[in-house]
Amino acid sequence: MIDLTDTEEIKKIFKKYNLAPNKFMGQNFLVDKAVLGKIVEAAEISKGDNVLEIGPGLGALTGALLEAGAKVLAIEKDKKLAGVLRDLFGANKNLKIINADFLALDFEKLISDFVLRSSASKWEAELLSGYKVVSNLPYYITSPVIKKILSWENKPSRIVLLAQKEVAERICEKPGQMSFISVFVQFYAKPEIVEIVKPSSFWPKPKVDSAILKIIPREKTKISESEENELWRLVKIGFSSRRKTLANNLSAGLRLPREKIEGILKLLGFNEKIRAQELGVEDWVRLLRKLDSGK
């Protein structure tokens, strides 16, 4: 098997298939075996685990997952790279490759369509009964991918991603520096930065540091499905202008008197001049319920 962490071997593959890294698609290939090992370790991969990998590229992480005993369903948007993957790994019965845009796919439909094409009904049953997501994502799709996965009813047992350090830090922020994405992720899961990864671990080298991000989805959310929709509407309005107070944003977005919003904030123990970034997940839930009870 070709060493997919060897940059010279990667260059040979690119030359053979007349390819080049696509900057627009955020293609930076992981070439650090130690980092690959840490990703697999963070995902706690054991023999027989079902893994959904998004954006496998040339397959360095794919190979590490397979070596650890995982069965991998890889979704690759780049048609040419998907073809290369099939050439490199085609004989491996524990790998299935789908050439598609992950963000444009419905997960359960994706699995069903895959099963119909391959007659691999066992894969459908296994993936829908328990799986993990492990990926070295193009950084520009990190947030939408996480939001999509955490919105599924059938969530993975854990998510381990290589993400831009700044994005990983934003996701893991504490009250005082919160953003919509940190509230969203922390509502559905517990995020944690495992390790910082330097640009030298990639080819071509990105201009920013990266981080191994581990996300453990919660078994149950704290509110009903109907409340969830209202919660995200409320949070979006709250963060609509970070420089304004929460009361001002909510007053404009909910069309309620600012004085009423400030009164509710005081009842909850907050300063009337508090900003959205100062609230934690539980605070947003409390605020939602107080607003609902005051209608």
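Nothing in this text is a laboratory measurement; each read-out follows from the coordinates by a stated rule. Since we're looking at a predicted model, the values are computed, not measured. Backbone-built Cβ (ideal geometry, glycine too); neighbour counts: all protein chains shown.
Rounded to the nearest 500, what is the 222 nm mean residue ellipticity of the chain from helices alone, with -39500 (n - 2.57) per DSSP H run of 4+ residues and division by all residues? Mind showing how you got there, number by number?
On the way: 13 runs with 132 residues, N = 295.
Here the helix-only value at 222 nm equals -13000 deg cm²/dmol.
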task: From the C-alpha gyration tensor of segment 166-274, pull out the three semi-axes of the equivalent ellipsoid (sqrt of 5λ each), sorted largest to smallest, in whole Å.
output: 33, 17, 12
- line: Given backbone amide H placed at 1.01 Å from N, residues whose amide H is under 5 Å from that of K190, ignoring those fewer than 5 places away on the same chain, are I216, R218
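Using per-residue counts of other Cβ atoms within 10 Å, averaged over each peptide, order 248-256, 163-171 from highest down. Don't skip to the end; give the middle numbers.
On the way: 248-256: 16.8, 163-171: 20.2.
Highest mean packing first, the order is 163-171, 248-256.
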- request: Take the Cβ-Cβ distance between N154 and A91 as r, set R0 to 25 Å, and report the resulting FRET efficiency rounded to the nearest 0.05.
  value: 0.25
- request: Using amide H atoms built 1.01 Å from N in the peptide plane, name the residues 5+ places from R158, or on other chains, whose amide H lies under 5 Å from its own.
  value: V133
- prompt: Can you list residues whose amide H is under 5 Å from F202's amide H, if they're 5+ apart or on another chain and H is modeled 1.01 Å from N?
  reply: V31
statement: Using alpha carbon centers only, segment 35-58 is separated from segment 219-295 by a whole-angstrom value of 38 Å
Karplus (6.51, -1.76, 1.60) ³J(HN,Hα), θ = phi - 60°, over segment 71-78, in Hz, Gly and Pro reported as x: 9, 10, 9, 9, 10, 10, 6, 6
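What is segment 7-217 by shape, rounded, prolate or oblate, if you read a ≥ b ≥ c off the alpha carbon gyration tensor as root eigenvalues and call it rounded for a/c under 1.5, prolate for a/b larger than b/c, and oblate otherwise? Don't skip to the answer; put the middle values down first.
On the way: a/c = 1.63, a/b = 1.11, b/c = 1.47.
Oblate shape, in that a/c is at least 1.5 and b/c is the bigger or equal ratio.
Using alpha-carbon pairs under 8 Å, 6+ residues apart, how would you state the relative contact order of segment 7-217 in percent? Walk me through the intermediate numbers first.
On the way: 349 pairs, mean separation 45.3, N = 211.
Dividing the mean separation by the residue count of segment 7-217 yields 21 percent.
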